[in-house]
1. Just for helices (runs of 4 or more DSSP H) wholly inside the stretch A:27-140: which have at least 3 residues that are within 14 Å of chain B (Cβ to nearest Cβ)?
2. Got a sec? Which of B:Ala77, B:Ala82, B:Ala49 is farther than 19 Å from B:Ile162 by Cα, part of a helix (DSSP H, G or I) and in contact with a strand residue (DSSP E or B) (Cβ under 7 Å, 6 or more places away or on another chain)?
3. If a residue must be outside any helix (DSSP H, G or I), of a type in the set (S, T, N, Q) and within 19 Å of the chain's Cα centre (by Cα), how many such residues does the stretch A:3-26 contain?
4. Note down all Cβ pairs under 8 Å where the first residue falls in the stretch B:65-85 and is at negative phi, the second is of a type in the set (Lys, Arg), and they're at least six residues apart or on different chains.
5. Name the residue, out of B:Gly444, B:Gly436, that is assigned to a helix (DSSP H, G or I) and buried (at least 24 other Cβ atoms within 10 Å of the Cβ).
6. Scan the stretch B:119-145 for residues that are polar (S, T, N, Q), within 10 Å of B:Ser95 (Cβ to Cβ) and within 14 Å of chain A (Cβ to nearest Cβ) and jot them down.
7. Within the set of pairs 6 or more residues apart or between chains, which connect a residue that is under 28 Å from B:Trp413 (Cβ atoms) inside the stretch B:357-385 to a residue that is polar (S, T, N, Q) and at pLDDT below 95 with Cβ atoms less than 7 Å apart?
8. Anything in the stretch B:155-174 that is assigned to a loop (DSSP other than H, G, I, E, B), within 13 Å of chain A (Cβ to nearest Cβ) and either β-branched (Val, Ile, Thr) or surrounded by fewer than 24 Cβ atoms within 10 Å (Cβ to Cβ) (or both)? List them, or say none.
Amino acid sequence: MNRKHTIAILVNDQPGVLQRVSGLFGRRGFNIESITVGSSEEPGLSRMVIVTTGDDHTLEQVQKQLYKLIDVIKVIDVSGNPMVGRELGLIKIGAEPSARPEILGIVETFRAAVVDIGPSTLIVQVVGDSEKIDAMIELLKPYGIRELSRTGVTAMNRGFR
Amino acid sequence: MSTQGVTLKSKEELIEKWSKPEVITGSDVLLRSLLLEGAECVFGYPGGAVLYIYDAMHGFTDFQHLLTRHEQGAIHAADGYARSTGKVGVCIATSGPGATNLVTGIATAYMDSVPLVVITGNVATSFIGTDAFQEADIVGITMPITKHSYLVRKAEDLPRIIHEAFHIANSGRKGPVLIDIPKDVSAEKTLFQPVSEVNLRGYNPTVQPNKMQVDKMLRAIEKAEKPVILAGGGVIYSGAHEELYEFVTKTGIPTTTTLLGLGGFPSGNELHMGMPGMHGTYTANTAIQSADLLINIGARFDDRVTMKLKGFAPHAKVVHIDIDPAEIGKNVPTEIPIVGDVKAVLQLANAGAKRADKADAWRAQVSQWKATKPNKYKDSDVVLKPQWVVSMIHETTKGDAIVTTDVGQHQMWAAQYYPLNKPRSWVTSGGLGTMGFGFPSAIGAQMGNPDRTVVSINGDGGMQMCAQELAICAINNIPVKVAIINNQVLGMVRQWQEIIHENRYSHIDLAGSPDFVKLSEAYGVKAFRASNKEEARSAWLEALEHPGPAVVEFVVRKDENVYPMVTAGSTIGEMLMGDSE
């Protein structure tokens, strides 16, 4: 059965490592829904978080194939255990001054923030799980979305895992 | 064999000579490091980006360098050297086209898990990314077909990188490693200090298996009524042929060896069933389809072995022993996975292995299949049959040669009619199926095994893909014996077009190929042509006795097919038996 998996990969911070990992997904037919990369708790290592869809067999293959890359140190199936997954979205919407109070109401309810106000636009910043950002986008659609940028999910297991 | 008259110094002398810390160029670091890793023979082709490396090689005699006539010849030769010796094969090419000409060879080695260290030059670091003359992103191009790769940015990194590359190439699941050296790095001076330790956090292949899993396998063997062993290239690569022999002898389990596993178990043995799969034996395929226990030892359930997956070994509990955990369960659901080096696994298993007692009736059944359904062909006294040619080569070399093949019908006939009894005697491109591989790989095999007879069996198609390397055989007097089975057609494609595309023969006619005897002679290689049995035997014997390289062209008819055959979409139980019926 296909479902969404969130995988964290600890990799050597080497040139080309992103290409090695993303290339592996591409050529083995594993899909990448989102990918985030940044530094980790250890100097010299980066943490990638990839959201992929597939059945359990695919997930197992993804993990095993990743381990074959010399620059991959550790692969964690984050979604296999309780986790926190967060994404940031920036949404630029058309917002004439008259519409702004209504928009600010939505933003406040979502505990999002307005981070830029232009003559006829606003940039809304929303942080949360992907569903929250999806919902925010839905609500802002009627005002006209000019530009949308999502970071993709970064994630961590809860507690001591 | 007299090659270039190089007397190699003893390893100890060389290590002493080359281990001294000293300020030298990146090129000198490369040569010294290669020597310290045990390189004896390097295959290569110079060019602009490797000028410093070749300059360092000027007058350098501590390992041999063989100048091929095409980079593809160099890498296939390095591959043949590696497969036949178990050591790491090394080749060198320049940037851009030199590097891209290696791609097929890298993919060939990757698919068959062959340890290679592939060295390419690149444009100077300041030119990288500018579309400079002869620039190609070879690290990027080969990422999917290398076990690992390096773009060297500083000469001081070279000793570590080269040491790591050899370690990665020849451990775990073996494979090709690429080292791309920009021109300025090969010229840069640095303090050379040999590296003897490897520190790779992300690379720890599991060698020792989990004993509980091995015990599970042993218990399954005791219960099995119809057990089968499927042994692959892993047996040979881990040097486990003796352990396999002991395991099979102790358990009494009928054994089939894949194309890459040929020689891993003696083919004359009563428990050997031949090769499985598309052109496998009736016995091996039928046994797999009837088995209640299938023990895969170092094979990867390739689609040419399993054919249609749904319906493959339908009654079998599957045990899979592999050093690469990603192979286990990839294609065939596995009840008992055993991750580890085949040799280590079998050593552990042999300590507790017992005879499969419930399988007496099964062994009798397998013997009966073997007796009634051997590989067969209709021989002729009028026309020369390719199967007969292979059998004759087997007989005249006493089954003791190293055999390299190209890809196609002759490859399958060689697998069927040149039964092997020892490992590292069979060099063939199994996974990638690379035409042009057969002949240059024989050159490498001969360089690694100067005291053995090396026979290269080729078709008229594949021979023309790397025929230029006849030159290096002649110049260096490398005494490879080349058989060209000439049916004037791309035989395997013809066979498929006959059987699958209803005799619609499309672009397979190789009429108008050069006269192979004249071609060989043009390169200075002795050559013969034979069109009947008598000529064939006498020409071949003369070729074998000739002290240098020799080519024998065997002219055969074009409409011979390889049987048994399992067509795409069928299970291996559904074989076309053709002439062998």
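1. Details: elements: A:56-67, A:100-109, A:130-140.
Here the list reads A:56-67.
2. Working: B:Ala82 fails: farther than 19 Å from B:Ile162 by Cα; B:Ala49 fails: farther than 19 Å from B:Ile162 by Cα.
Answer to the check: B:Ala77.
3. Going residue by residue through the stretch A:3-26, those that are outside any helix (DSSP H, G or I) are A:3-16.
Then drop every residue that is not of a type in the set (S, T, N, Q), which leaves A:6, A:12, A:14.
Still in the running and within 19 Å of the chain's Cα centre (by Cα): A:6.
Looking only at that region, the number is 1.
4. These pairs meet every condition: B:Tyr81/B:Lys87; B:Arg83/B:Arg424; B:Ser84/B:Arg424; B:Thr85/B:Arg424.
5. Working: B:Gly436 fails: assigned to a helix (DSSP H, G or I).
Result: B:Gly444 is the single residue among B:Gly444, B:Gly436 that is assigned to a helix (DSSP H, G or I) and buried (at least 24 other Cβ atoms within 10 Å of the Cβ).
6. Taking the stretch B:119-145 as the starting set, the residues that turn out to be polar (S, T, N, Q) are B:120, B:122, B:125-126, B:130, B:134, B:142.
Filter again for within 10 Å of B:Ser95 (Cβ to Cβ), leaving B:120, B:122, B:134.
The answer is B:Asn122, and nothing else.
7. Note: pairs meeting the criteria are B:Asn375/B:Ser580; B:Lys376/B:Ser580; B:Tyr377/B:Ser580.
8. Going through the stretch B:155-174, the residues assigned to a loop (DSSP other than H, G, I, E, B) turn out to be B:170-174.
Those left that are additionally within 13 Å of chain A (Cβ to nearest Cβ): B:171-174.
Across the stretch B:155-174, the qualifying residues are B:Ser171, B:Gly172, B:Arg173.
The values are calculated or read from the model by the stated rules, or taken from the named source; none is laboratory data. Everything numeric here is computed off the predicted structure, so don't read it as measured data. Please note: Cβ atoms are built from the backbone with ideal geometry, for glycine as well, and neighbour counts cover all protein chains shown.
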